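Report on one structure; see the data block that follows.
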Amino acid sequence: MKIGMVCPYSWDVPGGVQVHIRDLAEEFMARGHEVSVLAPGDDDATMEPYVVSAGRAVPVPYNGSVARLTFGPVSASRVRRWLSDGKFDVVHVHEPASPSLGLLTLWWAEVPVVATFHQANPRSRAMSAAYGILQSAFEKISARIAVSEEARKLPVEHLGGDPVLIPNGLYVDRFAAAKARPEWQGSGGTLSFLGRLDEPRKGLPVLLKAWPKIFGARPGVRLLVAGRGDVDEARRKIPAESRDAVTFLGAVSDEDKAAMLASSDIYIAPHTGGESFGIVLAEAMAAGAPVLASELMAFRAVLDGGRLGVLVPVGDADALATEAIALLDDPERRQAMRAAAAVGVRRYDWATVAEEILAVYEMAVAAGARPESRRFRRLGR
Amino acid sequence: MIAAAAVLLGAYLSWTAGRIDRLHARVDAARAVLDAQLLRRSGAALDVASGGLLDPASAVLVADAATRARTLEGADREQAESDLTAALSAALDDAEFVARLRTEAGADAALDELAAACRRVGHARRFHNDTVRSTRRLRGKALVRWLRLAGRAPWPETVEFDDSVPPTLEA
């Protein structure tokens, strides 16, 4: 099949959707399909050969904050050229509700369109005027996919759709093969965290509140913190006696992330909200790190109702500390968790997920292209 | 002699209190005019967004910003109006594209209405803020403050947001 994929966010910026598209593209190419990815980006030269640049994403206010989006007549003509050059059998748009490349693509596509909803974006009623435009654009979509129940909310509640649930994917074997790094490990156990340091919803404040209690109960324990943000500011929030046991790794490469997870006795996900999936929990499970997570709906789902990890109330630093200490004291329980997770995480391996997505493509192609809505002008004829 | 001075002082105070009242009333009226122009601008923006002039992504951006400007209150409202200015400037960024749009009667009329509305918002905000400054000047006088001639009327605030007209609409 000739598959066209559209990424709404800058290709050279780290992000879950970008990783998802990259992995999916490479998985399909490994199976013999032709894939082209259209993405905002500055420089064709630094992007993989299968990626086509659609020009730069610009910062613009949207839904109450600033987003980097790609829109306008020049972007629209680039989309049309990519579509006509590509002669795709099917086009897969990611985050179609974002006013960016995906929306432009599904407007001008003349082949079947499959769309995946990744993020749950809370919206107020203030959106009604824009929803009218989105709804007419969405007539074009042959098949809707959402990565989780959380991600389903927007299309179901506001855009009148019923997306099929296909989870996010990862290469389980790559994480399973990662080796622990002894220089990162602590004699009393190793905890790890991944997320932006300065975004409260990622949960670092909750973890740092629980940390002194954990350190007090297990003095040899070490905490690895990976993620972008002001390290000095974060360090200041840690009491002096436990500060040296915390190692800030900064922004980590994929290999370092896998190694960090493989080195961990517990991976902690203390997020307080805003998570539509939580792929990093699956990555931890694949790398063999027992997971201790806040009971967000998305996390509960990835942990198969909590069976594959330990859940604690959202924002509860005391419960987090108590559970962490209990886990550190119980190596057999951790080993049992590892074993169950190693089996359970296979559900998210690209081998399975890509197969499900391919089946959706085939159904969309079989159903044929839908007639276009003529409401928006065709630019640059 | 003292009686005459007292009468003159009384007359002056009464006149000043009247001036303050009239200024407050003018601030309120100027605010109402500004609000009306803001509604006209966001209405014109919604017409442009839903009229098929723009690509769907630009249309969603403008429609979202216009709706927020019409529904938010207080401090959020000023930010929303600035955001609408930014969204309009971004959506109409391409001068060639706007020139092509203007060759069609319907689109030309919609853009004219939007341009006029944007200009009038700028004027109305200036007029409102000028009146606020005059009121503050008068209320700031020593005698006015000591004798509380302004009563319980709240200290008037200027309205601040980015009201610039998108460059491609200026001509």
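The values are calculated or read from the model by the stated rules, or taken from the named source; none is laboratory data. For clarity, every value in this text was computed on a predicted model and none was experimentally measured. Note that each Cβ is placed from the backbone with ideal geometry, even for glycine, and that neighbours are counted across all protein chains shown.
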### Query
Do we have any residue at all in the range A:138-153 that's touching a strand residue (DSSP E or B) at 6+ places or on another chain (Cβ under 6 Å), outside any helix (DSSP H, G or I), within 14 Å of another protein chain (Cβ to nearest Cβ) and not aliphatic (A, V, I, L, M)?
yes
### Query
Among the residues of the range B:42-81, which ones are assigned to a helix (DSSP H, G or I), among the small types (Gly, Ala, Ser) and surrounded by fewer than 18 Cβ atoms within 10 Å (Cβ to Cβ)?
B:Gly43, B:Ala75
### Message
Looking only at the range A:306-335, filter to residues that are out of contact with any Asp or Glu (no Cβ under 9 Å at 6 or more places or on another chain) and closer than 20 Å to A:Val172 by Cβ; which one of those is surrounded by the most Cβ atoms within 10 Å (Cβ to Cβ)?
### Response
A:Gly309
### Message
Pairs please, first residue from the range A:1-15 and within 10 Å of A:Ala57 (Cβ to Cβ) and modelled with pLDDT of 90 or more, second anywhere and in a loop (DSSP other than H, G, I, E, B) and among the hydrophobic types (A, V, I, L, M, F, W, C), Cβ atoms under 6 Å, 6+ apart in sequence or on different chains.
### Response
A:Ser10/A:Ala57; A:Trp11/A:Met47
#### Entry: Condition met for A:Val13 (surrounded by fewer than 18 Cβ atoms within 10 Å (Cβ to Cβ), more than 14 Å from every other protein chain (Cβ to nearest Cβ) and within 26 Å of B:Val62 (Cβ to Cβ))
yes
### Query
Taking the range B:90-103 only, how many residues are more than 9 Å from chain A (Cβ to nearest Cβ), assigned to a helix (DSSP H, G or I) and surrounded by fewer than 19 Cβ atoms within 10 Å (Cβ to Cβ)?
2
### Query
Looking at the range A:86-110, which of its residues are within 18 Å of B:Val60 (Cα to Cα) and within 20 Å of the chain's Cα centre (by Cα)?
A:Val93, A:His94, A:Glu95, A:Pro96, A:Ala97, A:Ser98, A:Pro99, A:Ser100, A:Leu101, A:Gly102, A:Leu103
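Which count do you get for residues in the range A:235-277 that are among the basic types (Lys, Arg) and in contact (Cβ under 8 Å) with a residue 24 or more places away in the chain? Full working, then the answer.
We begin by selecting, within the range A:235-277, every residue among the basic types (Lys, Arg); these are A:235-237, A:243, A:257.
Of the ones still in play, those that are also in contact (Cβ under 8 Å) with a residue 24 or more places away in the chain are A:237, A:257.
Count: 2.
Yes or no, residue by residue, for (1) touching a residue at least 60 places away in the same chain (Cβ under 8 Å); (2) touching a strand residue (DSSP E or B) at 6+ places or on another chain (Cβ under 8 Å):
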site: B:Ala6; (1), (2): no, no
site: B:Thr16; (1), (2): yes, no
site: B:Arg31; (1), (2): yes, no
site: B:Ala44; (1), (2): yes, no
site: B:Val48; (1), (2): yes, no
site: B:Leu54; (1), (2): no, no
site: B:Ala57; (1), (2): no, yes
site: B:Asp64; (1), (2): no, yes
site: B:Glu81; (1), (2): yes, no
#### Entry: Elements of type strands (runs of 3 or more DSSP E) contained in the range A:20-116, each with 3 or more residues being within 14 Å of another protein chain (Cβ to nearest Cβ) and either out of contact with any Asp or Glu (no Cβ under 6 Å at 6 or more places or on another chain) or hydrophobic (A, V, I, L, M, F, W, C) (or both)
A:58-62, A:65-69
### Query
Does A:Ala129 satisfy the criteria of being within 14 Å of chain B (Cβ to nearest Cβ), free of Cβ contacts under 8 Å to residues at least 40 places away in the same chain and either among the hydroxyl-bearing types (Ser, Thr, Tyr) or assigned to a strand (DSSP E or B) (or both)?
no
### Query
In the range A:32-55, which residue that is exposed (fewer than 13 other Cβ atoms within 10 Å of the Cβ) and not acidic (Asp, Glu) is nearest to A:Gly227 (Cα to Cα)?
A:Thr46
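Residues checked against (1) surrounded by fewer than 16 Cβ atoms within 10 Å (Cβ to Cβ); (2) not in a loop (DSSP other than H, G, I, E, B):
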position: A:Pro155; (1), (2): no, yes
position: A:Asp162; (1), (2): yes, no
position: A:Pro167; (1), (2): no, no
position: A:Asp173; (1), (2): yes, yes
position: A:Lys179; (1), (2): yes, no
position: A:Glu183; (1), (2): yes, yes
position: A:Ser187; (1), (2): yes, no
position: A:Ser192; (1), (2): no, yes
position: A:Asp198; (1), (2): yes, no
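Confirm whether A:Ala210 is in a helix (DSSP H, G or I), modelled with pLDDT of 90 or more and closer than 26 Å to A:Glu149 by Cα. Working first, answer last.
Numbers: in a helix (DSSP H, G or I): yes; modelled with pLDDT of 90 or more: yes; closer than 26 Å to A:Glu149 by Cα: no.
So A:Ala210 does not fit the description; no.
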### Query
In the range A:258-272, what residues are under 18 Å from A:Val246 (Cβ atoms) and hydroxyl-bearing (Ser, Thr, Tyr)?
A:Ser263, A:Ser264, A:Tyr267
### Message
Conditions first: (1) in contact with a strand residue (DSSP E or B) (Cβ under 9 Å, 6 or more places away or on another chain); (2) small (Gly, Ala, Ser); (3) closer than 24 Å to B:Arg31 by Cα. B:Ala75 passes all but one, so which condition is the exception?
### Response
(1)
